[in-house]
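In what follows, a single structure is set out as structure tokens and then discussed.
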Amino acid sequence: MESRLETLRWLSEEYHDLNGTRYDVLEAAPTPLDFSRLVHIARPVLIKESAVPEADDPEKWSKKWLSDMMKDREISVAVTPNGRADAVTRSPDNKMYFAEPYTDKMTMQSFLDTLSSGEQDSRAGTGLEVHYLQSQNGNMFSATYYDMSGNEDPSEFEPLREFVPSEIPWCSEALDKSPDAVNLWIGDENSVTSIHSDPYENIYTVIRGSKHFTLLPPTEGWCLQERRYPHATYSRSSASSELELTPSSPSTPLVRWSSVADPTAPGALPAEAHPIHITVRAGETLYLPAGWWHYVRQEGFTVAVNYWYDMEGRGMSWVWLNFLRGTEEPPLGNEEPDSGGVAVGSQ
């Protein structure tokens, strides 16, 4: 075990020596050829251009515009008591779970009324619920849209589809494929995305507000103290209607997840880690390569759209990503004591 960890540490340091913590900034969208080179390098890139046309139009994407466009259509909204959906959470009995949010159905206006006006008014610990539009299931366009030419791919956000391209030409041409999913995200500073990695080439464009990304390369996955946690979902109490954490069936597979609650907190990461901090503002786009770890905070009322393109599974990429996460199953999260400043699932 120790020799494997030393190997991962060596790879991490070699990668950092060659690449540092720098990232490229492009003033305009790349050509397909240029983007294919960026995918080959697999480093984050900040693009000073939106993937959504007219994203800077003051008449579009405001709260009023969204409400007027969506009218009384119901949408699926993630609800948690702490703003941490899809994250490791401590239950009242002091056991750690990977918790998925409660999904509520409401109108766009009702949802927007739960969000802040842009000033810091954190609800964490106040007893108020936190709402975040983050369904991640291709809520704008799913893979079915491309397979069926859009005929069999209904969306809760149908009125907004004409304002969001179904794919990004320079990306689709470079990768020779359509997106696997296109997602709309709407929230505020009360919602935080726990650190994780995805097997997708991610094109993330911010339309309103700002997103603060803390990134770690795949070579530093060993820093994130992955553990295995039982699965749970928030549900409404029949007695009080308050959210409560409901463990899933014992037969539900354990969820492998980082035990680092906040990688930006002092001492949360070992000294050998080299996080990269990138703020993506309205009208800008982040290319986040497959396998990169990311932790995301928001600033004020935010609207964003991301495009997930499935990573190339042939060759060595997938094998390397799996190797860099470790060749053995991580230990159980509920058997690991807190140590070394690493928050084991604390919220």
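The values are calculated or read from the model by the stated rules, or taken from the named source; none is laboratory data. The structure displayed is predicted, hence computed values, not measured ones. Positions of Cβ are backbone-derived with ideal geometry, glycine not excepted, and every protein chain shown enters the neighbour counts.
If you go through the stretch 319-329 one residue at a time, how many are surrounded by fewer than 13 Cβ atoms within 10 Å (Cβ to Cβ) and assigned to a loop (DSSP other than H, G, I, E, B)?
Total meeting the criteria: 3.
What's the number of the only condition in (1) surrounded by 16 or more Cβ atoms within 10 Å (Cβ to Cβ); (2) without any contact (Cβ under 8 Å) to a residue 12 or more places away in the chain; (3) hydroxyl-bearing (Ser, Thr, Tyr) that Thr144 fails to meet?
(1)
When you go through (1) at pLDDT 90 or above; (2) within 25 Å of Arg9 (Cβ to Cβ) one by one for Thr327, which number turns out not to apply?
Answer for Thr327: the failing condition is (1).
Is one or more of the residues making up the stretch 271-283 assigned to a loop (DSSP other than H, G, I, E, B), within 20 Å of Gln134 (Cβ to Cβ) and under 19 Å from the mean Cα position of the chain (by Cα)?
In the first step, residues of the stretch 271-283 are kept if they are assigned to a loop (DSSP other than H, G, I, E, B); the result is 271-275, 282-283.
Imposing the further condition that a residue be within 20 Å of Gln134 (Cβ to Cβ) reduces the set to 282.
The next check asks that each one be under 19 Å from the mean Cα position of the chain (by Cα); those that pass are 282.
Within the stretch 271-283 (the criterion being assigned to a loop (DSSP other than H, G, I, E, B), within 20 Å of Gln134 (Cβ to Cβ) and under 19 Å from the mean Cα position of the chain (by Cα)), the answer is yes, since at least one residue qualifies.
Which residues, counting only those in the stretch 330-347, are part of a loop (DSSP other than H, G, I, E, B) and modelled with pLDDT of 90 or more? Reasoning before the result, please.
From the stretch 330-347, those part of a loop (DSSP other than H, G, I, E, B) are 330-331, 336-338, 340-341, 343, 345-347; that's our starting set.
Once the filter is applied, which keeps residues that are part of a loop (DSSP other than H, G, I, E, B) and modelled with pLDDT of 90 or more, the stretch 330-347 yields Pro330, Pro331.
Can you go through Pro266, Pro253, Pro247 and tell me which one is surrounded by 15 or more Cβ atoms within 10 Å (Cβ to Cβ) and out of contact with any helix residue (DSSP H, G or I) (no Cβ under 6 Å at 6 or more places or on another chain)? Lay out the reasoning, then the answer.
Values: Pro266 fails: surrounded by 15 or more Cβ atoms within 10 Å (Cβ to Cβ); Pro253 fails: surrounded by 15 or more Cβ atoms within 10 Å (Cβ to Cβ).
Criteria check complete, one pass: Pro247.
Any residue in the stretch 1-21 that's more than 18 Å from Trp292 (Cα to Cα): show its pairings with residues that are surrounded by fewer than 10 Cβ atoms within 10 Å (Cβ to Cβ) and of a type outside the set (S, T, N, Q) at Cβ separation under 8 Å, as long as the two are six or more apart or on different chains.
Met1/Glu328; Arg4/Glu328
Has the stretch 20-43 got at least one residue that is in contact with a His (Cβ under 9 Å, 6 or more places away or on another chain) and farther than 25 Å from Pro169 by Cβ?
So far as the stretch 20-43 goes, yes, one or more of its residues are in contact with a His (Cβ under 9 Å, 6 or more places away or on another chain) and farther than 25 Å from Pro169 by Cβ.
Looking only at the stretch 184-206, which residues are among the charged types (D, E, K, R) and crowded, with 22+ Cβ neighbours inside 10 Å? Don't jump to the end; show me each part of the working.
Let us first name the residues in the stretch 184-206 that are among the charged types (D, E, K, R), namely 188-189, 198, 201.
Asp188, Glu189, Glu201, listed by residue number.
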